[in-house]
Structures are given as C-alpha cells and as structure tokens.
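Asks: Structure below; questions to follow.
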Amino acid sequence: MGVSIVRCPFCGKRFDVGGIAPGTRLRCSGCTAVLAVPRRADPGPAARRLTAPVLLETAGGALAVLVAAGVLYLTLRPSSPPAAPDPTPAPPSAAARPAPLPDPPAEETTPAELSGIIVDPVSRIRRQLREDFGDVFLFYSKGDPYLLAVESSERYIGTEVVADYGRRLETLYGAFRRELADPLGLPPVSEVLPVVVLSSRERFERYCMDREKKRVPPQIKGIYEYNRRRIVIYFDVQAPYEVLFHEGVHQLIHYYVLRETGGARVPQMYWLQEGLATYFEGFRPAGDGRVVIDPRANRGRLPVIREALQEPTPEGRRSFIPLGVLTGMTVDDFWEWFESERDAAEATRKAHLYYAESWALVHFLRQAGGAYRAVFDDYLRAELRGEGGKGRFEALARANLGMELGELEEKFVDYILGLQ
C-alpha cells in the first residue's frame, strides 16, 4: 500500500491518504475543513493547483456595503410604515460592487502531493467568521442556500433564535424564487450565502466601528457587505423582518449579477436595485406566528410619491422625479449627488422621493400586468447581465408597449394616484 500525502489548504496539516478511495470526503483534524481524496495526477504545475470550492459541508437540500448607505435609508424611512408588527425599514446598500472575496490561495505544494482537493465553502465561511468575530456562533446550514450564524448569548435561547431566523430566510428565498427567479428562468443559487446575526446592538456597533472607523447611528439595523457577500444584522426582540428581507434581496441580486457577468464590476441602476429591495419589504402575518412576503402589502412609501405627484413646485411643475432622470441614475450617481448637496435637509427630502419613486416604479411595472410586467422582466435580465441603463429601458418600453418614456410616465402617474 503506497503513501500519498495531501495538505489541507487552510491549516497546512498533511495527511496520508494512501489506500483511501478517490472522492472519499475526510474532515481535517486541524481546522475541520472537509476535503475530498484526490485522484492521482502527473507531477508538474497542473498537479499543484487546487480546484475551486464546490462542496457543502452540511447541505440540507431544499433550501455583499457602505454604512453611509444604511444611514441614509433608515434616516429616510417612510412616515407611514407598513401595517405589520412594529416594522422598521431596512438599510439599503450602496452600488459599489467590489469583486467578491477570492477563495483561500493555494499553498506551495510538494512533489508528493496530489491535485484535485475540493474545499468545502461552508468551512471557508466559518473560518472567515472566526477571524472576524471569534468562535462564538451557532450555525444553521439546513436552509439552502444560506449559512446562518447566530452569536451565542445569555440573552436568548440560541437554538430558538437560529430556528426563527432560519425560517425568515426560507420565507425570503421562497418568495424571491416565486416572484423573480422562477419566472425569469434563473437557476437556484449554487453558492453559500452567509447571514450573521450578532447578539446585541452594542456588538453590532462595535463591529461597524472596527470596520468603518465611524459610529453607527441608532437607526441602522443591519448592513450588507458586498466585498464579503454577507449580511450582518443583530438580534432584537422586536427585530423587524424588513431589515433581513431588504438586505437579502441585495444579496440575491448581487449573486446573480456576479454569476451572469463572470464577476465583473458593472453599473447598477438605482431605481431597480433599491426599488426591488423596498418592494420585498412588504409582508403580512400568516396567522400561525409566521409571515409571508407580499410585496403588494407594502404601502409605506406611497404618501411620499403621491404628495410629489399632487403638489406642484413654486415653478408650477410637479415635484416628482421624471422617469428620464430616475431610469438613468446609477447607484453611484445617486450617492455622488447626495454627498455633493450643500443643503442637507433638501437632500434628505429629495432622497425620500428617490426611494419612494423607485419602489413605485417597480410596483407599477410588476402589478399593472401584461406587457408592463414584460418590460420589467426583460429589463431585469439585462441588468443582471450588466446591460441595464436608460437606453435599454426606453427600448424595452417601445418594444413591449409601443410607448415612449413620456407616455409611459403618464401611465405610471395615473397608476400611482389610483392606489389606495
């Protein structure tokens, strides 16, 4: 029986896998990563490379952010929140889309080592969490595609909190599949999406201070870190579902953009990114202690957009943002505009309107039916490919509706004014 040595790419521990069948999964006794026994390969450069992560440690089967963005969103929450138990809007994420974190680099190997080690992505994420927070989490990995990490605390029963947030994620992913992914023919998420629930507000503020070097205003309930592709929120006995649902949509859309563009950084349009996230904030009780996402139930932003449509400016124009402006603004454009405004109060008022109008446009296109939904679906496909923008939106309106942007705007205004 020969001796075959492989090295764990995480901790460097070596193992003799001679006589063990190729493909057998073994757990590293040094760092708990799950590896697969590789097949023999000819020595040479190719034999010293490690493959990309493809296995889950405990796959159950069925089942990336700037603090400034979150500050604004929660500062701009609607004055009339949705009719649900103590809801609080979730913070959005800025449009900057840094490239996703690379997998751990392959270490220098020895001639005796073999190619084909398969690294478990769940172990990679757990290792990153230990580096960032310490070994303090209870994990829930049965809710594919998520790895939920809840910080242990004497304030609550960890297993119950894990189960509660696990159900919330199942609700989110199921609704996302029904509303968007399945109708558009998007495949199921094939990567692990990390969601972190810290034990307290204080713990969350300390983490954000360490990361951003600035204090987090109390309105911020959570963030989505694009560079690490993970959501970070904290436990609260009255924790609103909107925080997780809003950030969860950012996480899922980011996944599909990276998938469709091969990880390229592409412009993302403000109205679609924030409009979709706010659209998914809507939910209603199911009567059994659970909730279901019902985007049509979210009316918290309606008064803002209706007021802008009904009340003219001093110049006699309606104060709402023309679709020609809204559909041409990227998320980066939005933040450049907001941060350059000298009148903070006016900037905040107008930003309220940007959020409300983005929600309203998504609601209009998805709920008005027929060819309007086709405009939305076709545009979302283009956005995921990195091909969105005002020109594409206008072309799709002409192709599906036979309308120019001005005519579509009139239909949009009539629809919003008719909502109750």
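Values in this text are rule-based calculations from the coordinates and carry no lab data. Quick caveat: nothing in here was measured; it's all calculated off a predicted structure. With ideal geometry, Cβ positions are generated from the backbone for all residues, glycine too; neighbour counts draw on all protein chains shown.
Asks: Give me the distance in nm between label points sitting 7 Å out from Cα along the Cα-to-Cβ direction at Glu131 and Asp294, one decimal.
Replies: Label at Glu131, label at Asp294, 4.5 nm between them.
Asks: Please compute the modelled spin-label separation between Leu138 and Asp182, points set 7 Å along Cα→Cβ, answer in nm with one decimal.
Replies: A separation of 3.1 nm, rounded to one decimal place.
Asks: Amide H of Tyr146: which non-local residues (sequence gap of 5 or more, or other chain) have their own amide H closer than 5 Å, using H built in the peptide plane?
Replies: Leu193
Asks: Additional query: For the stretch 158-289, what percent of Cα pairs sit more than 21 Å apart?
Replies: Of the Cα pairs, 45 percent sit more than 21 Å apart.
Asks: When the Kirkwood hydrodynamic radius is evaluated over all pairs of different C-alpha atoms of the stretch 302-418, what value in angstrom, to one decimal, is obtained?
Replies: 15.0
Asks: Skipping prolines and chain starts, which residues have an amide H placed within reach, meaning under 5 Å, of the one on Thr330, given they are 5 or more residues away or on another chain?
Replies: Amide H neighbours of Thr330, under 5 Å, 5+ apart: Tyr270.
Asks: Normalise the Debye intensity by I(0) for the stretch 328-374, one equal point scatterer per Cα, no solvent, then take log10 at q = 0.16 Å⁻¹ and round to two decimals.
Replies: With no solvent term, the Cα-only Debye profile gives -0.55.
Asks: Please list, in order along the stretch 343-349, the HN-Hα scalar couplings obtained from phi with the Karplus expression 6.51 cos²θ - 1.76 cosθ + 1.60 (θ = phi - 60°), rounded to whole Hz, x for Gly and Pro.
Replies: Calculated HN-Hα couplings, in order: 8, 4, 5, 5, 4, 5, 4 Hz.
Asks: To make sure I understand the rule: partners must be lysines, Cα under 29 Å from the Cα of Lys350, and not fewer than 8 residues away in the same chain. Which ones qualify?
Replies: Lys213, Lys214, Lys221, Lys390, Lys411
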